[in-house]
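First the structure, in the form of structure tokens, and then the observations on it.
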Amino acid sequence: MTENKPSRGWQGAVLKLFRAGDYQLTVTGREQISTHYLRVSFDAGGLLAGRCVHPTMWIRMWFPDGAKLHQRGYTLVNPDAAADAVDIEFALHDGIASRWAQTARPGDTISATVLGSSFALPRPAPAGYVIVGDTASLPAINSLLDSIDDSPATVFLSAAHDDDRTLPVARDTGVVWVDRGGSGEELVEVVRAAAHNAEDHFGWVASDNRTTRAVARVLRENYRIPRGAIKAQAYWAQSA
Ligand SMILES: Cc1cc2nc3c(=O)[nH]c(=O)nc-3n(C[C@H](O)[C@H](O)[C@H](O)COP(=O)(O)OP(=O)(O)OC[C@H]3O[C@@H](n4cnc5c(N)ncnc54)[C@H](O)[C@@H]3O)c2cc1C
């Protein structure tokens, strides 16, 4: 009898061609950090063994939806190779990955692929950082802040919910939370209003597709940060 395994579709076939590393993660615990933010702890299934983890490093997790598996990017939190353990923090909304996380219990398993994540801190060190994101990119932002020690940094974060502002940020000062109304333009406006000449800074942006594009432009045009000193990546797609 053939087993009806959920399919990864063409994305899975392409990743196989690239010989991407495949692992099985097992849920070991969960912690509701705020009403819309959940940390899930995993046995990493060997994913971290012999691997150099870089700031903002992410993996592709395969979330089941009927007979299909959908790939979504998630950032490594507290990676501990010796303990073979890692956490993933989920900004909750209505989506396949989000729903999986909300029902995940110890013993549940999920596949993960390691391919495509690359980032290195700029060398020589920039005069400072301008970092812009939301709760989906908060895990990446915290890993970036941890890795730049006490380098000057201004962090702009979009809050979609009142208690997002209570989420832990790896900096005590220089953090500006901006309430998200509809499509994220409030964040763009606040970043623009704070503009100054920052041509010797590094810019890092990750939010929804439209906001990321708009903020990256503000960093180039209003902050004068050179294109090559900006890392901008859409972390999720706004619905049309
Ligand atoms: C490199 C990378 C790293 C990432 N790391 C993390 C991480 O550590 N933690 C994390 O929470 N997310 C992270 N994300 C974002 C996450 O992959 C997306 O939010 C993803 O779309 C969630 O999948 P889903 O199946 O829940 O929702 P989808 O099926 O993709 O979308 C369903 C609906 O929800 C909306 N939506 C999707 N994401 C969000 C959101 N964040 N906020 C509000 N509405 C949303 C969509 O517009 C759509 O209407 C990362 C993305 C990338 C590219």
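Data table
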{"item": "Antiparallel bridge percentage (DSSP; both residues within the chain; nearest 5)", "result": "60 percent"}
{"item": "Within a Gaussian network of the chain (alpha carbon springs, distance under 10 Å), most fluctuating of A159, A120, A104", "result": "A120"}
{"item": "Environment charge at F156 (Cβ cut-off 11 Å; Lys +1, Arg +1, Asp -1, Glu -1)", "result": "-2"}
{"item": "GluC sites (Glu not before Pro) restricted to the range 120-217 and DSSP loop, no more than 15 other C-beta within 10 Å", "result": "E199"}
{"item": "Those trypsin sites (Lys or Arg not before Pro) in the range 133-240 that DSSP places in a loop and that have at most 12 other beta carbons within 10 Å", "result": "none"}
{"item": "Ranked list, fewest to most other Cβ atoms within 10 Å of each Cβ, for H201, H54", "result": "H54, H201"}
{"item": "Cleavage-rule hits (trypsin sites (Lys or Arg not before Pro)) in the range 15-94: DSSP loop, at most 14 neighbouring Cβ within 10 angstrom", "result": "R19"}
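Bear in mind that the values in this text are calculations on the coordinates, not laboratory data. All of these numbers come straight from a predicted model, not from anything done at the bench. Counting neighbours? That spans all protein chains shown, and the Cβs are built from the backbone with ideal geometry, glycine included.
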